[in-house]
Amino acid sequence: MRIAAILLFTVMLTSLALSQISLTSSDVQSFYGPGKSWRYLENSKLSTTLNMGTPSSLAQSWTLPTITYTDTVWMDNVLPSATPYASKFPRATHAQRAIQTGGGTTSTYYSYFRMTTDSLISLGDALRIQRGGTDTTEYTFQSSLYMVFPFTYGKSFTSRDSIPIAPGSFIIHRSTSVCDAFGTLMMPGGTFQALRMKQTSISQTIYGGTQFSSDTSVQFSFITKEGYFADISPKDKNPTGSTIPITGLTYYSVIATPTGIADQGQSLPTEPILAQNYPNPFNPATAISYQLPSVSFVTLKVYDVLGKEVASLVEGVQSAGNHMVRFDGSSVRSGVYFCRLQAGSFNETKKLILVK
């Protein structure tokens, strides 16, 4: 009995220690600090399962499945003052930049954030495209709450907005994120203590004061203090049980910026590729990158889950090289969308998740 009591006490102490995992403003300041980069790996065509565990106040352990990742995006952390659009985002304390060059086109994507002692807020983004003597920039100005600090077990936060569609009619979006579990996570970068975040998004359509439809979807994320993240896309909108089918896994790691990282993508691509959009999930805009090995007639369109075309982003002949375009989801409701690239005989589709 004494041995059993000691073992139980040890387990309780271990769980108590792990329950103190807390993501602070200082931790995230380090993630977004200049001189570091985000390496973004993803696979959005999975057909596997993952033991996600359950909401619990006791420590758990998770293991990401062994899959093939594609290095799709590299974002450099930069000072807002070092970007050409600092004056348009005067409240920004942090910024990120991605550059792609090829086929006579240079696309540069900037995202801006404001970090305080208790929150991380996205302020918007800018996409600059330089091609054939032209230089254009598109902007998005919309603040959204990314996280509150300290983020630890039991902490939750909610964001909400609405879009008017007619007199007396509108779409309401509400997203609630909660840290509902903690433990250890085994991933490509090693094994770390981690927090599990469950994000539940609800979109309701109101006509004349009466609810016409309501859609709910769930996504999971794992977060570590070392700067590793994993986003999990369940196959079902509302998964049940601990082991669930998943269709997508995105893995982020924060590393020191290698010398010359901005020169990536200078060589001519050898095959067509549609990269996963970044960020994903997004609100309200995201950048979509793709590469072409030769001159091609290209169409790049976004569809909703019913197959209805939401946006036509590209339609015409484009040169070989790396390309980047921006999709603004301000006028559509939260949910899952699909981006389809057609270039000659090549077809590729990626899933986009808009969370407002």
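The values are calculated or read from the model by the stated rules, or taken from the named source; none is laboratory data. Predicted, not measured: the structure shown is a model, and the values here were computed from it. Every residue, glycine as well, gets a Cβ built from its backbone with ideal geometry; the counts of neighbours run over all protein chains shown.
Regarding Leu300, is this residue surrounded by fewer than 21 Cβ atoms within 10 Å (Cβ to Cβ), of a type outside the set (S, T, N, Q), touching a Phe, Trp or Tyr at 6+ places or on another chain (Cβ under 8 Å) and not in a loop (DSSP other than H, G, I, E, B)?
no
Take Ile246 and tell me if it is under 22 Å from Ile353 (Cα atoms), of a type in the set (Val, Ile, Thr) and modelled with pLDDT of 90 or more.
Here the answer is yes, as Ile246 does meet what is asked.
So which of Gly183, Gly154 ends up being touching a helix residue (DSSP H, G or I) at 6+ places or on another chain (Cβ under 9 Å) and farther than 27 Å from Tyr337 by Cβ? Full working, then the answer.
Numbers: Gly154 fails: touching a helix residue (DSSP H, G or I) at 6+ places or on another chain (Cβ under 9 Å).
Matching residue, one of Gly183, Gly154: Gly183.
Would you mind stating whether Ser122 is among the polar types (S, T, N, Q), exposed (fewer than 13 other Cβ atoms within 10 Å of the Cβ) and either outside any strand (DSSP E or B) or touching a Ser or Thr at 6+ places or on another chain (Cβ under 7 Å) (or both)?
On the way: among the polar types (S, T, N, Q): yes; exposed (fewer than 13 other Cβ atoms within 10 Å of the Cβ): no; either outside any strand (DSSP E or B) or touching a Ser or Thr at 6+ places or on another chain (Cβ under 7 Å) (or both): yes.
Criteria not met by Ser122.
Return the only residue of Ala287, Ala311 being farther than 20 Å from Gln130 by Cα, small (Gly, Ala, Ser) and at pLDDT 85 or above. Walk me through how you get there before you give the answer.
Details: Ala287 fails: farther than 20 Å from Gln130 by Cα.
Answer to the check: Ala311.
Pick out the one residue from Ser44, Ser107, Ser87 that is closer than 25 Å to Met324 by Cα and within 19 Å of the chain's Cα centre (by Cα).
Ser44
Can you find even one residue in the stretch 199-206 that is surrounded by fewer than 21 Cβ atoms within 10 Å (Cβ to Cβ), assigned to a strand (DSSP E or B), free of Cβ contacts under 8 Å to residues at least 24 places away in the same chain and hydroxyl-bearing (Ser, Thr, Tyr)?
There is no residue in the stretch 199-206 that is surrounded by fewer than 21 Cβ atoms within 10 Å (Cβ to Cβ), assigned to a strand (DSSP E or B), free of Cβ contacts under 8 Å to residues at least 24 places away in the same chain and hydroxyl-bearing (Ser, Thr, Tyr).
Out of (1) under 26 Å from Val218 (Cβ atoms); (2) buried (at least 17 other Cβ atoms within 10 Å of the Cβ), the odd one out for His323 is which?
Checking His323 against (1) under 26 Å from Val218 (Cβ atoms); (2) buried (at least 17 other Cβ atoms within 10 Å of the Cβ), the one that fails is (1).
Counting just the residues of the stretch 44-97 that are in a loop (DSSP other than H, G, I, E, B) and among the aromatic types (Phe, Trp, Tyr), which one comes out surrounded by the fewest Cβ atoms within 10 Å (Cβ to Cβ)? Show your work before the answer.
Step one: of the stretch 44-97, the residues in a loop (DSSP other than H, G, I, E, B) are 44-47, 52-59, 64-69, 79, 83-85, 89-93.
Remaining after also requiring among the aromatic types (Phe, Trp, Tyr): 69, 85, 89.
Values: Tyr69: 14, Tyr85: 17, Phe89: 22.
It comes out as Tyr69.
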